[in-house]
Amino acid sequence: MKAQNEQRTGLLYGFGAYGMWGLVPLFWPLLKPSGAVEILAHRMVWSLAVVGLALLALRRWGWIRELLRQPRKLALTALAASVISVNWGLYIWSVNNEHVVEASLGYFINPLVSIAIGVLVLGERLRRAQWVAVGLSVAAVLVLAIGYGRPPWISLILAFSFATYGLIKKKLNMGGLESLAAETAVLFLPALGYVLWLGAQGQSTFASHGVAHALLLAATGLVTAIPLVFFGMAAIRVPLSTLGLLQYMAPVFQFGLGVLYFHEAMPPERWAGFSLVWGALVILTWDALRTARRSRIRPAAAPAVLASPAREPA
């Protein structure tokens, strides 16, 4: 009974995390007229403040000394911070410039890109169904490129930057709060310097658009940290395969908001491209669940390559 209650609680945390990540496109437009770079800088500054308070409350500081003693881990942390800043900044820009649907595509194809990186970088071997899924995603990109009249650069950059971030995080092997604290600490001084420079130039919106706007910019720290905490609570309570299914909630919500709320255009060729991606994800999910079931039946069998583990969207 206790295990069932823990799993039910974990599912609620998972729904909460991915639900908030899926609805975040409603938040970024509230920060206008702030530009994407200014919003990103405030997100870095206030995220460190929020995560620092959380770590202070939990008294989890021992990892800092260990991290400072490992130059390679520090370098990987700096690299992760740089990659996620590109991801976050582009996502904010795309939402505030009416590209919510194209941004959602990036997170739909992210698991497929992660699999491709696993093959190219880690030398992993794919099963036949996974090759079919990857092939469908490549076809989808080609169809969407024809529909947009250009490659879907926003989707591709978001997908590849997030998949690269996931690969780095896998090598770092740090907890969610700790890794976010380390990454935002790396970028804190440049971000704070940029915010102060904007103020000195009279271009900052933080102090010039009222208290409500300033509070919204400060809330970027909460918007970043709260779903991450919820995700961490879910990750220790539910199986990874369940989290892998829940991760599709965020881009589904984002896509729905793009079409129904922001009224972005969806001509037939875009529906065709998205349908190919969704077909690839159905195949990928079916293959992952089938493999997990076989692994439970035959525990002695070698572990297979599954879909990428759920990670933090923008």
(message) For the stretch 57-80, which positions are of a type in the set (F, W, Y) and surrounded by fewer than 14 Cβ atoms within 10 Å (Cβ to Cβ)?
(response) W61
(request) Name, by its number, the condition in (1) touching a Leu at 6+ places or on another chain (Cβ under 8 Å); (2) β-branched (V, I, T); (3) open to solvent by less than 50 Å² (accessible area, probe 1.4 Å) that does not hold for V121. (result) (3)
(request) Check every one of the helices (runs of 4 or more DSSP H) wholly within the stretch 38-136 and list those with 3 or more residues that are of a type outside the set (A, V, I, L, M, F, W, C) and closer than 18 Å to E178 by Cβ. (result) 62-68, 71-96
(message) Please determine whether any residue of the stretch 207-225 is surrounded by fewer than 16 Cβ atoms within 10 Å (Cβ to Cβ), closer than 27 Å to L40 by Cα and either touching a Gly at 6+ places or on another chain (Cβ under 9 Å) or at pLDDT below 85 (or both).
(response) yes
(request) Residues being of a type in the set (A, V, I, L, M), out of contact with any Phe, Trp or Tyr (no Cβ under 8 Å at 6 or more places or on another chain), in a helix (DSSP H, G or I) and free of Cβ contacts under 8 Å to residues at least 60 places away in the same chain: count how many of those fall in the stretch 181-229. (result) 6
(request) Being modelled with pLDDT under 75 and open to solvent by less than 20 Å² (accessible area, probe 1.4 Å) is the filter here, so list the residues in the stretch 239-255 that pass it. (result) L243, G244
(message) I'd like the full set of residues that are over 14 Å from L217 (Cβ atoms) and open to solvent by less than 10 Å² (accessible area, probe 1.4 Å), limited to the stretch 25-56.
(response) P25, V51, L55
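The values are calculated or read from the model by the stated rules, or taken from the named source; none is laboratory data. For clarity, every value in this text was computed on a predicted model and none was experimentally measured. Backbone-built Cβ (ideal geometry, glycine too); neighbour counts: all protein chains shown. Accessible surface areas use protein heavy atoms only, side chains included; no ligands, DNA or RNA. Shrake-Rupley method; radii C 1.70, N 1.55, O 1.52, S 1.80 Å.
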